[in-house]
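The values are calculated or read from the model by the stated rules, or taken from the named source; none is laboratory data. Everything numeric in this text was worked out from a predicted model, so none of it was measured. Virtual Cβ from ideal backbone geometry, glycine too; neighbours counted across all protein chains shown.
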Amino acid sequence: MRFIFLCRRSPLNRIFFLLTFAILALFSWNCTSNSLTDDGGDISDKTQSLKGYISLNDHASPEGVYVWLETFGIGTYTDTIGYFQLPLPPPSQQSGGGLDGVFKLYYFFANYQYETSDVIIRSGTFNPATSDFDDNAELHYPKILNKLIDIDIRVWCVPPQPGHEEESMAAEMIVQSYGTPVSLRIPSMIQNWLSGFILKRTKNDDVTYQLITQTDTLTTQEVQGRHVFQIQMNLTPSTVEQDATYQIIPYLYIDRPGMPTEIYESIGIDLTDLSLDYLNYPIRYESPEFLPPFE
């Protein structure tokens, strides 16, 4: 024998059920609405980081490109594969509780022509209404920087000369520009001479840098095509350590008309002062290491 029980819901139970359902629905809607912005967008969709990839047109490593956002004065460097991520400060930390406008994002590497993107900010938050970025504030396509200049350092040994018992090192900087002329700002007392450089010394795991310069001022020299600068130096076996390796880091700035000087300040460089802060400058060069004695 099988028993089937039928339960009828009383009117009171029905009212209680409807009230419970209404309260739960209201609570759920309230939680959902709190995650929305005033214009109905999901806060989680309003990313606070600009990101993307940068490539170099000569297929060199894109590591070390400096990415800087004007007005905000913030910057970052690309990693080994050219990827960057630049967090925006919260609106509460911005002027007026949140900036509004169109701001330039600069992509800067000294050997290459810089590029820019427009970034729209509304109430301190990224707005995707630009052609370069998608809704997640990521570049649609990698930004490609075109090469302006190559820099190569060549060093060689000079045999002892009359009146000098020691051999010494000589060096030159070979600059190859591509396309339009390029203006260089270098420490120089004589045309076509580089009168300042940084000497990198490596001994085991210890690395030190020494600024060697014959002048305190920078002069402008324009180059087009291939140009050779002699490097003023006085390195002999008695002035260096015999069990250390050395490398010449050329000291030069490449003028960039139209690029804000605040970028250099953000990097930590004073263009009017010769110092080891130059090591922050995003530039690439070829310079061999050499080991005394110079033979």
Quiz item: How many residues does the range 56-94 contain that are of a type in the set (Ser, Thr, Tyr), surrounded by fewer than 17 Cβ atoms within 10 Å (Cβ to Cβ) and at pLDDT 95 or above?
Solution: 4
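Out of the residues in the range 245-271 that are of a type in the set (S, T, N, Q) and under 21 Å from the mean Cα position of the chain (by Cα), state the one that is modelled with the highest pLDDT. Even if it seems obvious, please write down each step before you answer.
Going residue by residue through the range 245-271, those that are of a type in the set (S, T, N, Q) are 245, 247, 261, 266.
Checking the rest, the ones that are also under 21 Å from the mean Cα position of the chain (by Cα) come to 261, 266.
On the way: THR261: 93, SER266: 96.
So, considering only residues that are of a type in the set (S, T, N, Q) and under 21 Å from the mean Cα position of the chain (by Cα), the one modelled with the highest pLDDT is SER266.
For the range 250-272, give me each residue that is in a strand (DSSP E or B) and surrounded by fewer than 19 Cβ atoms within 10 Å (Cβ to Cβ).
The first filter runs over the range 250-272 and keeps only residues in a strand (DSSP E or B), leaving 250, 253-254.
Listed by number, the list holds a single entry, TYR253.
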Practice problem: Give the range 164-209 a look and list any residue that's among the aliphatic types (A, V, I, L, M) and within 26 Å of the chain's Cα centre (by Cα), or say none. | Solution: MET173, ILE174, VAL175, VAL182, LEU184, ILE186, ILE198, LEU199, VAL207
Practice problem: Name, by its number, the condition in (1) closer than 22 Å to SER177 by Cβ; (2) in a loop (DSSP other than H, G, I, E, B); (3) over 28 Å from the mean Cα position of the chain (by Cα) that does not hold for GLN242. | Solution: (1)
Quiz item: Just one of the numbered conditions (1) without any contact (Cβ under 8 Å) to a residue 24 or more places away in the chain; (2) surrounded by 14 or more Cβ atoms within 10 Å (Cβ to Cβ) is not true of LYS200; which one?
Solution: (1)
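Yes or no: THR76 polar (S, T, N, Q), in a loop (DSSP other than H, G, I, E, B), under 21 Å from PRO260 (Cβ atoms) and touching a Phe, Trp or Tyr at 6+ places or on another chain (Cβ under 6 Å)?
Details: polar (S, T, N, Q): yes; in a loop (DSSP other than H, G, I, E, B): no; under 21 Å from PRO260 (Cβ atoms): yes; touching a Phe, Trp or Tyr at 6+ places or on another chain (Cβ under 6 Å): yes.
Here the answer is no, as THR76 does not meet what is asked.
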Quiz item: Does any residue in the range 203-225 that is in the same structural domain as THR245 (by TED's automatic domain parsing) and closer than 17 Å to PRO292 by Cα come within less than 9 Å, Cβ to Cβ, of a residue that is of a type in the set (S, T, N, Q) and surrounded by 13 or more Cβ atoms within 10 Å (Cβ to Cβ) six or more places away or on a different chain, and which pairs are these?
Solution: LYS203/THR245; THR208/THR202
